[in-house]
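So the structure is just underneath, and the comments pick up after that.
The values are calculated or read from the model by the stated rules, or taken from the named source; none is laboratory data. Since the model is a prediction, treat every value here as computed from it, not as a measurement. All Cβ positions, even for glycine, are placed from backbone atoms using ideal geometry, and neighbour counts span all protein chains on display. Side chains are part of the model used for accessible areas, which takes the heavy atoms of the whole protein and leaves out ligands, DNA and RNA. Shrake-Rupley method; radii C 1.70, N 1.55, O 1.52, S 1.80 Å.
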Amino acid sequence: MSGPDSVADAVLGVLSSPDGRLSGGQGDPLDRVVELLGGGESVLVLDNCEHVVGAAAEFARQLLERQPQLAILATSRESLEVMGEALCRLGPLDLPRHRADPADASRSAAVRLFVDRAAAVRPGFELNTSTVDAVVNVVRRLDGLPLALELAAARLRAMSPEQIERRLDDRFRLLSTGNRAAQPRQRTLHAVIEWSWDLLTEQERLLARRMSVFPAGTGGAAAEAVCSDAADLPADDVGYVLDALVEKSIVEQAGNGYRMLESIRAHAAQKLRQAGEEEQVRGRFTRYFAGLAEEHEPLLRSARQLESLLIFDSEYDNLMFALRSAIDDGDPGTAVQILGPLYWYWNSLRYDARTDNYVARVVEFGDALPEDARAAFTAIHLLAGDSGPKADAERTHALIEDCARTGALQRYPVLLMATLPMGHFLGLDELVARQMREVRARPDRWATACTFMVEAFIHHDHGDWVGCSTALAHALRGFEATGDRLWTAMVLSGQAQVHSVEGDHDEAIAAFERSLALTPQDAFSYRVGLATERMRSGDLDGARRDIDAAEQEARDRGQRLLETEALVVMTEFHRRSGHPDRADRELDRMALLARETPLPADAIEARIASARMANRLAAGDAAAARELLSSAVTAAFAHRDIAPAAQQLAMLLHLEGDPVGAATALGMSQTIRGAFDHGDPELRELVTELAQRLGQAEYDEAYRRGAEMPRHEALERLTAYTT
């Protein structure tokens, strides 16, 4: 077809009867269509107009001028642009969230279509705990495209969902057979995309194949910088061509940016390789995102933090791909340009399991790295491994000195938290104090505030409650002065815990709520803290609302680690609500879920032991609690939060009929922490029971024996329970 008359002929052929009696006789095809439609209200459907969009548009315009009561429904990859046209864009089917369970996943139209077609080729197939993860991953990677889902489901004749998922990197081979009765362009995934590709102009194809270098959505500025060239695609043209690609459904508009569906991107990437442009375009991509990261690195710790975080959030996958490309291409300078800001981002906001691997690969560049970067990332790599410190005191001393000498602590100020606490862990307090003095002598307010965070941690570790509180106040003023909202929120969280132990629940709740207001994009940890504080204040209903909100955020973010933390808090909720058995069941769920996280098995057991012991204490089961005591104390020392173990020991001794020992253990908790936990209602109840049983004077005497005990002796007494 090449003109409106050809479209009219096609429409006439459908409207006419087989014997031609209703064909309207001879004459102009448009006149005959008008005659057949009559003058009343009617609807005419024009399907697949994209390959004759100009002719279809002209036919529609002429027909509507003569049939004002006619409605035309046209399907096309681009609009007809006829006066009065109303667009109804049809996107892919809605997708399930990442790691959805069967009930949640089944609410997705994409999953329902896949499962329906799967059951047709494999009778009895259903969505359950054994199939849901693979099915969810398949439909997400296929972007909810109905044809792709049907072709993938058809493969279940010979493959499992997991096998299909593994083969999606070669999706065009995987999805290469379909309905033989369909039009050739609709039989395979490659054919349906190639059909649309052939309808593009040369400039549109050029931009589309270059856009395939972006693994995720991006803004127009990035597309312009990476995809333009002086000859064939000038920078000023990129915006217009992008709009055309959106109009033709090759690129999607996502918020203020653009993205390609994964299947279209894979097709365009093949075209990029065939054109011999992949290396050149990827080089521009890597350089652009290295510059972007370096530009925003200082802004991440300033009053412009939110602006920069939005960029890091939206461009995260692109930044990660740029980092990997720089490493793979042997470009250490570009790699550290990206890694430095990303390491701050990982440390402050977004955990990524790939962190250690990327740091290790950059360290392998050795002397090819800039001197300060080599010192910084060698320190990070050696001091922060999955299994804890990788270096001894002598090596750590040398690393901290090396970082100070090369200026790494100035160039990468977030390194302060990695090196200085580790120096404290290994007994290098004199070196740590000297480095903190040197940092405070410089004009960097953020780094100075960071040293006060380190100081607060050290005071807490030494049981100096007043010193910890004072250092936190200095840190808060410093971070507020820089405009850094994230680290201000972290300090407020620490202050909330100080208020909580002092029994000032209102101040603690206010501090957590302020943290939430400062960091709405990272509300989970503060929401959990707020829920815990509400429980301690007796507001169980409010706590449950916060726990539910935290659980929903964890599910929405698809992070199993966060989901396990939410379950730990739910365990405490059930325990404080008087249902320790329900709390135990939540811990069982948490243990199963934690196996899907990067946490090592011993860390999971340690996390569970203390909570399980609290449940047994609440249930009055002294024998079971005694069996868990060693693990709970060991976990407390591992997390360097030891006073709660003394409190649990006190509860256990009370159950075992040793009120004097229980009171002394409570006094030990004050010695270890530097303050008694006045905010815990369970402890207040225990104190009341012990005072009634012993009499106030005898209770005070037993408590004082623990409270006046040298701290090292109190720690030694607890350590004895770990054997």
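Please work out whether the range 521-597 counts as rounded, prolate or oblate from its C-alpha gyration tensor, where a ≥ b ≥ c are the square roots of the eigenvalues and a/c under 1.5 means rounded, while otherwise a/b larger than b/c means prolate and anything else oblate? Working shown, then result.
Numbers: a/c = 2.55, a/b = 1.14, b/c = 2.23.
Because a/c hits 1.5 or more and a/b fails to exceed b/c, the range 521-597 counts as oblate.
The distance linking the range 235-252 with the range 616-682 is 65 Å (Cα centroid to Cα centroid, whole angstrom).
Entry note, the range 85-168: relative contact order of 33 percent, from Cα contacts under 8 Å with a spacing of 6+ residues. Counting Lys and Arg as +1 and Asp and Glu as -1 over every other residue whose Cβ lies under 13 Å from the Cβ of residue 324, the net charge comes to -2. Each eigenvalue of the Cα gyration tensor of the range 566-715, multiplied by 5 and square-rooted, gives one semi-axis; in descending order these are 28, 17, 12 Å. Taking amide H atoms as placed 1.01 Å from N in the peptide plane, the amide H of residue 304 has no partner under 5 Å among residues 5 or more positions away or on other chains.
Accessible area per residue for the chain in Å², computed with a 1.4 Å probe and the full protein assembly in place, what is it? Before the final figure, lay out the partial values.
Numbers: 32860 Å² over 723 residues.
I get 45 Å² per residue for the chain.
I need to check one value: relative contact order of the range 148-264, counting alpha carbon pairs closer than 8 Å and at least 6 residues apart, in percent.
Averaging sequence separation for qualifying contacts and normalising by length gives 19 percent for the range 148-264.
Separation of the range 25-79 from the range 493-517 is 68 Å, based on Cα centroids. Based on every Cα atom in the chain, Rg and the maximum pairwise Cα distance Dmax equal 32.7, 116 Å.
Taking 0.36 nm per intervening residue step and subtracting the Cα-Cα distance, what contour gain separates residue 202 from residue 395 on full extension? Let's see the in-between values first.
Working: separation 193, 0.36 × 193 = 69.48 nm, distance 5.94 nm.
That works out to 63.5 nm of additional length.
Each peptide among 226-234, 84-92 gets the average number of other Cβ atoms lying within 10 Å of its residues, and from highest to lowest they stand as 226-234, 84-92.
Cβ neighbours within 10 Å, averaged per peptide: list 303-313, 467-477, 330-340 in order, most packed at the top.
Values: 303-313: 16.3, 467-477: 19.7, 330-340: 21.9.
Top to bottom by mean Cβ count within 10 Å: 330-340, 467-477, 303-313.
Take every Cα-Cα pair in the range 63-137 and report what % of them are more than 18 Å apart. More than 18 Å apart: 56 percent of the Cα pairs in the range 63-137.
Rounded to the nearest percent, how much of the accessible area of the chain (1.4 Å probe, protein heavy atoms only) is carbon and sulfur? Please report the intermediate quantities before stating the final value.
Working: 16150 of 32860 Å².
Whole-percent figure for carbon plus sulfur exposure: 49.
Shape class of the range 243-304 from the alpha-carbon gyration tensor: oblate, with a/c at 1.5 or above and b/c at least as large as a/b.
Would you calculate, for the chain, the mean residue ellipticity at 222 nm contributed by helices, counting each DSSP H stretch of 4 or more residues as -39,500 (n - 2.57) and dividing by all residues, to the nearest 500? Don't jump to the answer; show the numbers that get you there.
Values: 39 runs with 485 residues, N = 723.
So the calculated ellipticity at 222 nm is -21000 deg cm²/dmol.
Of the Cα atoms belonging to the range 447-586, the radius of gyration and Dmax stand at 15.7, 48 Å. Label separation (residue 280 vs residue 689): 7.8 nm, computed from points 7 Å beyond Cα along the C-beta direction.
Starting from the Cα gyration tensor of the range 190-334, take the square roots of the eigenvalues, sort them a ≥ b ≥ c, and report rounded, prolate or oblate (rounded when a/c is under 1.5, otherwise prolate if a/b is larger than b/c, else oblate). Write down the numbers at each step before the final one.
Working: a/c = 1.96, a/b = 1.55, b/c = 1.26.
In terms of gyration-tensor shape, prolate.
Counting only DSSP beta bridges with both residues in the chain, the antiparallel share comes to about 55 percent. Angle of helix 109-121 to the longest C-alpha principal axis of the chain, folded into 0 to 90 degrees and rounded to 10: 70°.
Angle of helix 305-314 to the longest C-alpha principal axis of the chain, folded into 0 to 90 degrees and rounded to 10: 50°.
Explain nothing, just the number: relative contact order of the chain, from Cα pairs under 8 Å at least 6 residues apart, as a whole percent. Spell out each step's value before the answer.
Values: 999 pairs, mean separation 44.1, N = 723.
Answer for the chain is 6 percent.
Given the Cα atoms of the range 262-353, and with Rh set as the inverse mean 1/r over their pairs in the Kirkwood sense, what is Rg to Rh to two decimals?
Values: Rg = 14.5 Å, Rh = 14.1 Å.
Radius of gyration relative to Kirkwood radius: 1.03.
For the range 401-522, which semi-axes, largest first and in whole Å, follow from the square roots of 5 times the eigenvalues of its Cα gyration tensor? Walk me through the intermediate numbers first.
Values: eigenvalues 134, 61, 23 Å².
Values for the range 401-522, descending: 26, 17, 11 Å.
The HN-Hα couplings worked out from phi for the range 654-660 by the Karplus form 6.51 cos²θ - 1.76 cosθ + 1.60 (θ = phi - 60°) are 4, 5, 7, x, 10, x, 5 Hz, whole numbers, x standing for Gly and Pro. With θ taken as phi - 60° and the Karplus curve 6.51 cos²θ - 1.76 cosθ + 1.60 applied, the whole-hertz 3J(HN,Hα) list for the range 698-703 is 5, 4, 4, 5, 5, 4 Hz, x standing for glycine and proline.
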